[in-house]
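The values are calculated or read from the model by the stated rules, or taken from the named source; none is laboratory data. Note that the structure is a prediction, hence the values are computed from the model and not measured. All Cβ positions, glycine included, derive from the backbone under ideal geometry; neighbour counts span all protein chains shown. Quick note on the areas: whole protein, heavy atoms, side chains included, nothing else; ligands and nucleic acids left out. Shrake-Rupley method; radii C 1.70, N 1.55, O 1.52, S 1.80 Å.
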Amino acid sequence: MSKSGPSSTDASRTHATTSRGAFSSSLGVLAATLGSAVGLGNIWKFPSLTGANGGAGFLLIYLLSTLFIGLPLMVAEIAIGRQARANPISALRQLQPRGAPWWLIGVAGMAAAFLIMAFYSEVVAWVFAYVAKALSGNLLSSDPVQTQASFDALVRDPVQALLWQWVVLAFIGGILLLGVTRGIEAATKRLMPLLFLLLVLLGGYSLTLPGAGQALSFLFAPEWHKITPAVVLTAMGLAFFKLSIGMGTMMTYGSYFTAEQNIPATATRVMLADLSVSLLAGMAIFPAVFSFGFQPSAGPSLVFITIPAVFAQMPGGSVLLAAFFLLTAIAATGAMLSLMEVPVVILHERWGLSRPRATLLTLLILGLLGAGCALSQSTLAAFQPGGRTLFDWADYLSSNLLLPAGGIAIALFVGWAWGERAFAAQLSNHGQLGNQGLARVVSLLLRWVTPVLILLVMLAGLGVFSGT
Ligand code: PHE
C-alpha cells in the first residue's frame, strides 16, 4: 500500500526535477495535438485496413468507435494531463486516491509506446526510403507487378531495412535532443497544411480515374456480411491508434496544454481534421486500386504500391511522388515525436535522467526492439510464432490489446476514481466555459458505457464468445 506513496511527495518530486516545457499558444496546442494524431495511421494503416476488411462497413464501425469511445477518452486523457502537469505515471499518482495502483496505467502506456515505435519506425523507414527513391525517378510505374516488386525489394533487404530505420531514429532523436517543442510546433504548423493540400489534389485527380465509381461504392456502401467480431476489434483498435489514446500520449500532451485551451473543442477539432485526412487518403488510393488492378486487400504495402501508380500518370510525377512521401514523413515525424515523448518524459521526471540521456536511452532500447520488426520480412521472415511476424505482433498487440486495455483503465479511473468535479473543472476551465453539461455526459459515458463497450469488443474480437 505505502509503496505507491502519498501524492504530495510525488507532486514535489515532479516539480523539483524539472521546469516543464509547454505549448506556447492555442494554435501551437492544436498543431502539436493534431501532429500526434495525424501520421502513418491515416496514410498507411487506414487505407490498408479499410481495404483488407471490406470497405464501408469497417469505416462505419471505425466512425462509431471514434465518436463513442475515442473522443471521450481523448478528452479524459488531456484533462488528466492538464490537471496534474506531469508525466503519465506521476500524473496518475498525484490524482489517484491514496495507495491505489492507477499509476500502473502509465507503466503500461510506456510499454505500449515502445511496442508501437518498434514497428512504426520501420514504416517511417520505408517512407524515408521512398522519398529518396522517388527523387531518383525509378519508382513510377502503372504496372502493379512493377510497383509491388519495388516495395518487396526494399522490405526484403535486411541492410536497407535496418539502415533506413536507423536514419529515422537518428532523425527523430536529433529533433528531441534539440528539446524543442517550438521546433515541433513550428514545423507541423507549416507543413501539415501542405500535406492536406497535396492529398486534396491527389484525391481530386484519383476521382477522375476509371475506377473511381467502384472505389466510392467500396468506401461508402457497406457489405454487412464482411463485419465479423474480429473486424470490429480491428476498427476499434484503429480508432485508438489514430487518436493516439490508451497509452499516455494525450495525457503527456495534455500536461503541456495552456490553461485557457478548451479541451473538448480541441479534441473534437483534432478528431475531425484527422478523419478528413484519412478519408482523403482513401480517396487518393482506392480509385487507383480499382483502376490499375491492385488488390484492395494488399495489406501493408497498399500505399507504397498504389501511389506511385497514380503519380506515374501525371506530368512531373516523380517530383510530386517525392513530395507526397516527404509530407507523409513529416506527418509521421509528428506522431513519432509524441510517441517518444512518453518514455522520455517518464525517464526524465521519474528517474531523474536529463532529457538528452532519457532520449538516448529510449533510442537505444528502440534500436534493439525495432530491429526485430525491421528484419521481419527478411532475415527473420521465417520466425513467426503463432503465425505472425514480429512486426505483425507488435502492430496487433498494441492496437488490439494494449491500447483498448489502457482505454478501459483510463475510463474507469476518470469515471470512478478521480471524481466528476475535478474532471468537470478541467473541461470547463473552472467554470469559465459552459462545458458542465458536457462534462456530465462524458463522465457518465466513461463510467458506464465506454469501458463496457471496449471490453465487449475486445472479448468478441479475441474469440472469447465464439469459443475459438
Ligand atoms: N496517431 C498516430 C498515427 O495515426 C500514431 C500514434 C499512436 C501516435 C499512438 C501516438 C500514440 O499515425
In debye to the nearest 20, how big a dipole does the chain give about its Cα centre with +1 on each Lys and Arg Cβ and -1 on each Asp and Glu Cβ? 1080
Where in the chain lies the longest segment free of trypsin sites (Lys or Arg not before Pro) that are both loop residues by DSSP (not H, G, I, E, B) and have at most 16 other Cβ atoms within 10 Å? 157-387
For the chain, which whole-number percentage of the solvent-accessible area (1.4 Å probe, protein heavy atoms only) is attributable to carbon and sulfur atoms? 68
Additional length obtainable on full extension of the chain from Ser354 to Phe465, 0.36 nm per residue less Cα span: 35.2 nm
Distance in nm between Trp224 and Leu67 label points, each 7 Å along Cα→Cβ, equals 1.8
Any chance you could look up the accessible area of Leu104 with a 1.4 Å probe, heavy atoms only, rounded to 10 Å²? 90
Table column - 3J(HN,Hα) (Hz), segment 254-261, Karplus curve with 6.51, -1.76, 1.60, x for Gly and Pro: x, 5, 9, 5, 6, 5, 7, 4
What does the accessible area of Leu279 come to, in Å² to the nearest 10, when a probe of 1.4 Å is used? 50
For segment 102-249, build the charge dipole from Cβ charges (+1 Lys, Arg; -1 Asp, Glu) around the Cα centre, then report which of Ile116, Gly248, Ala134 sits farthest towards its positive end. Gly248
If Leu60, Leu327 are ordered by their accessible area, calculated over protein heavy atoms with a 1.4 Å probe, which sequence runs from highest to lowest? Leu60, Leu327
Can you give the calculated 222 nm mean residue ellipticity of the chain, where each DSSP H run of n ≥ 4 adds -39,500 (n - 2.57) and the sum is split over every residue, rounded to the nearest 500 deg cm²/dmol? -22500 deg cm²/dmol
With the convex hull built on the Cα atoms of the chain, state its orientation-averaged projected area in nm². 21.2
Farthest positive-ward along the chain dipole, Cα basis, beta-carbon charges - from Leu462, Ser398, Met74: Met74
For Leu194 and Ser297, FRET efficiency with R0 = 30 Å and r from the beta-carbon atoms, rounded to 0.05? 0.45
Estimated distance in nm for a label pair at Asp152 and Ser217, the labels positioned 7 Å out from Cα along Cα-to-Cβ: 3.1
Pull up the cross-link candidates among the aspartates and glutamates for Lys189, meaning alpha carbon to alpha carbon under 16 Å and not fewer than 8 places away within one chain. Asp274
How long is the gain from Arg269 to Val452 if the chain were fully straight, where each residue apart is worth 0.36 nm and the alpha carbon distance is subtracted? 63.3 nm
Separation between the Ala132 and His430 pseudo-spin-labels, each 7 Å from Cα along Cα→Cβ, expressed in nm? 5.2
When the dipole is taken about the Cα centre of segment 139-259, and only Lys, Arg (+1) and Asp, Glu (-1) are charged at their Cβ, what size is it in debye, to the nearest 20? 360
